[in-house]
Amino acid sequence: MRTDLRTDIDSIERIIQGHGWLKEMFDELPEQVQNCWEVRRFHPGETVCDQASDMVYVYILISGELAVERKLSDGKMFRLAMLLPGDVIGDIEISLDMPFINQVETTRESTLLALDKQRFKKWVINSPAFLRRLNDQLANKLFQQGRKTLENSFYSMEHKLLAYFYEALGHADFQKKPVYELIATREEMARQLGVAVRSVNRIMKMLKEEKLFVVKKGRLLFTQQSKRSIEQKLNCSNRAMF
């Protein structure tokens, strides 16, 4: 459920002016179309769109973070991607004229712009500047999906979990803070990797015994040495694979 809905023209104008990439996207849109966008705010854990639900709006993420997930036939949720500011939700669906393919959920406080699909089809999709950004995003989605398919097909569960940790540690600044705390449940990791929780638990136990991290009150603690060790294991795994 959305927590706030505003159609305040001044608010929309401030958002556009405050983001250079958004101003570029909207540069060729008629002013009356710019003012038709709605500002929507969500708390963490709220659903922006449900899988297989009718598409009514196209969204642009302005701030925050979204998780794109797909519910499999066995009921398990598989996390496909994370969306960041500038990403569009509904670009594929509006091109194929179909319901939402996946579920999109907020992982932190998020602000989005929403426009009904009829106005989007009539005005926005014919804007060269907007289309350029959409094409770039679609190409990136295809690349990321292809990479994920390759990883799921050829890499071991241990490699995928190590890669997950290594990507998370890319945000760590060990000069300022010698210990990086990763806040993620086993369920979240399993959803991200598309595996069972028991598989995550088994590999986590093994990696913990190798002292790649410390568990404290359910949180994982990593040091710079942790990152080096994970990088070494990933390199060895890649050499063995190829």
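Subtracting the Cα-Cα distance of D173 and N135 from 0.36 nm times their residue separation leaves 10.3 nm of extension gain.
Given only helices, namely DSSP H runs of n ≥ 4 each adding -39500 (n - 2.57), what is the per-residue ellipticity at 222 nm of the chain, to the nearest 500 deg cm²/dmol?
Details: 10 runs with 111 residues, N = 242.
My calculation for the chain gives -14000 deg cm²/dmol from helical runs alone.
Summing +1 for each Lys or Arg and -1 for each Asp or Glu, what net charge is found among the other residues whose Cβ lies under 12 Å from the Cβ of G90?
Values: positive: K117, K121; negative: D54, D87, D91, E93, D97, D116.
In short, -4.
With the full set of protein chains in place, find how many percent of the accessible area of region 37-81 is carbon and sulfur; take the probe as 1.4 Å. The nonpolar share, carbon plus sulfur, comes to 48 percent. The listed residues D97, D50, once ranked by accessible area (1.4 Å probe) with the largest placed first, stand as D97, D50. Solvent exposure of region 9-152, expressed per residue, is 51 Å² of accessible area, with all protein chains present and a 1.4 angstrom probe. Is the shape of the chain best called rounded, prolate or oblate, per the rule: a/c under 1.5 gives rounded, else a/b larger than b/c gives prolate, else oblate, with a ≥ b ≥ c the square roots of the Cα gyration tensor eigenvalues? Cα axes put the chain in the prolate bin. For the peptides 70-77, 118-125, 209-216, the ranking by packing is 118-125, 209-216, 70-77, with the highest mean count of neighbouring Cβ atoms within 10 Å listed first.
For the chain, with a Gaussian network of springs between Cα atoms less than 10 Å apart, report the residue from L169, L66, L83 with the top mean-square fluctuation. Fluctuation is largest for L169.
Put a plus charge on the Cβ of each Lys and Arg, a minus charge on the Cβ of each Asp and Glu, and nothing anywhere else: the dipole of the chain about its Cα centre is then about 1320 debye. Shape class of region 9-152 from the alpha-carbon gyration tensor: prolate, with a/c at 1.5 or above and a/b greater than b/c. Using Cβ point charges alone (K and R +1, D and E -1), the dipole size of region 35-165 about the Cα centre works out to roughly 280 debye. Each Lys or Arg adds one and each Asp or Glu takes one away; over the other residues whose Cβ falls under 14 Å from the Cβ of F100, this sums to -4.
With K and R counted +1 and D and E -1, the other residues having a Cβ less than 15 Å from that of Q118 yield a net charge of -1. Between 0 and 90 degrees, the angle of helix 197-209 with respect to the longest Cα principal axis of the chain falls at about 50 degrees. Using a probe of 1.4 angstrom and keeping all protein chains present, the accessible surface of region 155-240 works out to 62 square angstrom per residue.
The values are calculated or read from the model by the stated rules, or taken from the named source; none is laboratory data. These numbers come from a predicted model, not from an experiment. No Cβ is skipped: glycine too gets one built from the backbone with ideal geometry, and neighbour counts run over all protein chains shown. Only protein heavy atoms, including side chains, enter the accessible area calculation; ligands, DNA and RNA are left aside. Shrake-Rupley method; radii C 1.70, N 1.55, O 1.52, S 1.80 Å.
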